[in-house]
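Following: one structure in structure tokens, then a few remarks.
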Amino acid sequence: DQQVKQNSPSLSVQEGRISILNCDYTNSMFDYFLWYKKYPAEGPTFLISISSIKDKNEDGRFTVFLNKSAKHLSLHIVPSQPGDSAVYFCAASTLGGGADGLTFGKGTHLIIQP
Amino acid sequence: DTGVSQNPRHKITKRGQNVTFRCDPISEHNRLYWYRQTLGQGPEFLTYFQNEAQLEKSRLLSDRFSAERPKGSFSTLEIQRTEQGDSAMYLCASGVMSEQYFGPGTRLTVT
């Protein structure tokens, strides 16, 4: 049973526009959420995270929103750039400090069109 | 480069052989994690070390898998009697607090 779901396998966005990647989770014990970006033949690169005590966290062009009641989070990238084309993974943990294994979604392949 | 490093990057082996992978974490990180990733899936947690102590193991870590982290520095992951189903990317990550930082992975192909 997938506890972290990314229902869009791929997303195509025009350069300069906003990219919105979505993630849903089922385990109400999750209290820390992370987004990773992955290029082919490389390991995932940490992008941004959010604790369950917050509903928004911003870092440059990246903003993560958390809706605990809906068990939903989203990653906004504004403006989208060609280098943003990659697979994006949503991940969650239960101990609030990352001291356990992360549970990942299957990823969304973001394609930025010129 | 002070990131997480993994060796080898690629390993091809025949079914039934043993393989060992190495992970060198970021030097100040006391937490080290192993994950496995197959095509079309996200990484799946295998095991976790805090310093030299192995504190958590996933049910995915069968008896053929063993991991060590002597002296709380580098870590090794050994797979005995490899099976074709073991073919995957094996990722190592290290961290101090909430975030985990991944290495480039070792791609294992079992023929």
Top-ranked residue of segment B:48-83 - restricted to ones that are of a type in the set (S, T, N, Q) and at the interface with chain A (Cβ under 8 Å from one of its Cβ atoms), ranked as surrounded by the most Cβ atoms within 10 Å (Cβ to Cβ): B:S58
Within segment A:72-114, strands (runs of 3 or more DSSP E) holding 2 or more residues that are within 8 Å of chain B (Cβ to nearest Cβ), within 15 Å of the chain's Cα centre (by Cα) and buried (at least 16 other Cβ atoms within 10 Å of the Cβ): A:86-93
Inter-residue pairs, beta-carbon under 9 Å, first modelled with pLDDT under 95 and in segment A:98-112, second outside any loop (DSSP other than H, G, I, E, B) and polar (S, T, N, Q), 6+ apart: A:G98/A:S49; A:A99/A:S93; A:A99/B:Q50; A:D100/A:S93; A:G101/A:S93; A:G101/B:T47; A:L102/A:S93; A:T103/A:S93
Odd one out for A:F46 among (1) part of a strand (DSSP E or B); (2) at pLDDT 95 or above: (2)
Matching entry among B:G95, B:G3, B:G40, B:G72 (being touching a His at 6+ places or on another chain (Cβ under 7 Å), of a type outside the set (A, V, I, L, M) and at pLDDT below 95): B:G95
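For residues that are hydroxyl-bearing (S, T, Y), surrounded by 14 or more Cβ atoms within 10 Å (Cβ to Cβ) and at pLDDT 95 or above, tally how many sit in segment A:25-43.
2
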Some residue of segment B:29-44 being within 13 Å of another protein chain (Cβ to nearest Cβ), without any contact (Cβ under 8 Å) to a residue 60 or more places away in the chain and polar (S, T, N, Q): yes
Members of segment A:7-24 found to be surrounded by 21 or more Cβ atoms within 10 Å (Cβ to Cβ) and within 13 Å of chain B (Cβ to nearest Cβ), listed by number: A:C23
Flag for B:D86 being surrounded by 15 or more Cβ atoms within 10 Å (Cβ to Cβ), more than 10 Å from chain A (Cβ to nearest Cβ) and acidic (D, E): yes
Qualifying residue in segment A:44-57 (condition: within 11 Å of chain B (Cβ to nearest Cβ) and surrounded by fewer than 16 Cβ atoms within 10 Å (Cβ to Cβ)): yes
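Yes or no: B:R9 in contact with a helix residue (DSSP H, G or I) (Cβ under 7 Å, 6 or more places away or on another chain) and touching a residue at least 40 places away in the same chain (Cβ under 8 Å)?
On the way: in contact with a helix residue (DSSP H, G or I) (Cβ under 7 Å, 6 or more places away or on another chain): no; touching a residue at least 40 places away in the same chain (Cβ under 8 Å): yes.
Taking the combined requirement at face value, the residue does not satisfy it.
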Among (1) in a loop (DSSP other than H, G, I, E, B); (2) within 11 Å of chain B (Cβ to nearest Cβ); (3) among the hydrophobic types (A, V, I, L, M, F, W, C); (4) over 28 Å from B:N7 (Cα atoms), the one test that A:A41 misses: (4)
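The values are calculated or read from the model by the stated rules, or taken from the named source; none is laboratory data. Nothing here was measured: the structure is a model prediction, and the numbers come from that model. For neighbour counting, all protein chains shown are included, and Cβ atoms are generated from backbone atoms with ideal geometry for every residue, glycine included.
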